[in-house]
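Peer 1: Just dropping this structure here.
The values are calculated or read from the model by the stated rules, or taken from the named source; none is laboratory data. Bear in mind that the values here come from a model prediction, so they are computed numbers and not experimental data. Note: ideal-geometry Cβ built from the backbone for every residue, glycine included; neighbour counts use all protein chains shown.
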Amino acid sequence: MPLRPGKCYRRVHKPSYTRSAVKVHKRNYIGAVPGLKVRQFNMGNPLKDFPYVIDMIAEETVQIRDNAIEALRTTVNHYLNKRLGRDNYFIKIRIFPFQILRENKQAQGAGADRVTKGMSHPFGKPIGRAARIRKGQVLLSLLVDEADIELGKKALLRARPKLPCKLSVKVHTDVKSIGTKPKKTKEEKVEEKPVEEEAKAEEGKEGEAGKKEAAPAAGKEAGKAKEAGKEKKEEKKK
């Protein structure tokens, strides 16, 4: 079944449905919780001290699904990574999709006319996740240098079509407002693999070169041994 439009879930008109737990099983009141689609919440260089913060702020109360948050993250990160490089910015997603979305799945297709009506006000089953956002809440924070402020604002404004609400951008210098920064991000681990692979490839090449050098030497020794054997046979015949 294809993904439904975001307008079907953006209104906040039902009680919160979030009581799921992993470690404490007796507190887990929701059976099958859908997986999280947001891959990571911190991107860029967390070790550098950036002086300016650019916040993306929601201008209305709304629900945002996790696939929309992931689309926002990839759009901003790809744009800045291509123009600034990974070491010249830091992005932090400030929201988490705690809300569990429910839907009463109905039969579709030929011969299902009698079933599609369903019952009125059904409870439904979990189908996805969403974050409940209040008006004025910060969705994403971007840390950059003074020279990259305009480029950072442009990156955030390019991602507006990915979210089902009105947005605004605010620039300030209160870096502590974003909370703690991680010591490293997941993207840094990607660069370690090629270095190890190159080292292994070089070792393999050196080993192959050593084998090739040893092969001619062994061939020469074998040839000398054959010649010596022939000479001994000829001496015996005489």
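Peer 1: When the residues of segment 6-22 are filtered to those that are of a type in the set (G, A, S) and in a loop (DSSP other than H, G, I, E, B), which remaining residue is farthest from R134 (Cα to Cα)?
Peer 2: Across segment 6-22, the extreme among qualifying residues is A21.
Peer 1: Another one. Starting from residues that are over 19 Å from Y9 (Cα atoms) and among the polar types (S, T, N, Q), keep the ones in segment 40-66 and report whichever is farthest from the chain's Cα centre (by Cα).
Peer 2: N45
Peer 1: Looking at K37 and the list (1) within 14 Å of the chain's Cα centre (by Cα); (2) assigned to a helix (DSSP H, G or I); (3) closer than 30 Å to H121 by Cα, which single condition is not satisfied?
Peer 2: (2)
Peer 1: Could you list, in sequence order, the residues of segment 67-83 that are of a type outside the set (F, W, Y) and surrounded by fewer than 19 Cβ atoms within 10 Å (Cβ to Cβ)?
Peer 2: Result: N67, E70, A71, T74, T75, H78, N81, K82, R83.
Peer 1: Quick one: I64 ticks every box in (1) buried (at least 21 other Cβ atoms within 10 Å of the Cβ); (2) more than 16 Å from K135 (Cα to Cα); (3) among the β-branched types (V, I, T) bar one, so which box is it?
Peer 2: Here I64 meets the rest and fails (2).
Peer 1: Taking K82 as meeting all but one of (1) farther than 18 Å from F41 by Cα; (2) among the charged types (D, E, K, R); (3) touching a residue at least 40 places away in the same chain (Cβ under 8 Å), write down the number of the exception.
Peer 2: Every listed condition holds for K82 apart from (3).
Peer 1: For the condition assigned by TED's automatic domain parsing to the domain that holds K176 and in contact with a Gly (Cβ under 6 Å, 6 or more places away or on another chain), what is the one hit in I91, I69?
Peer 2: I91
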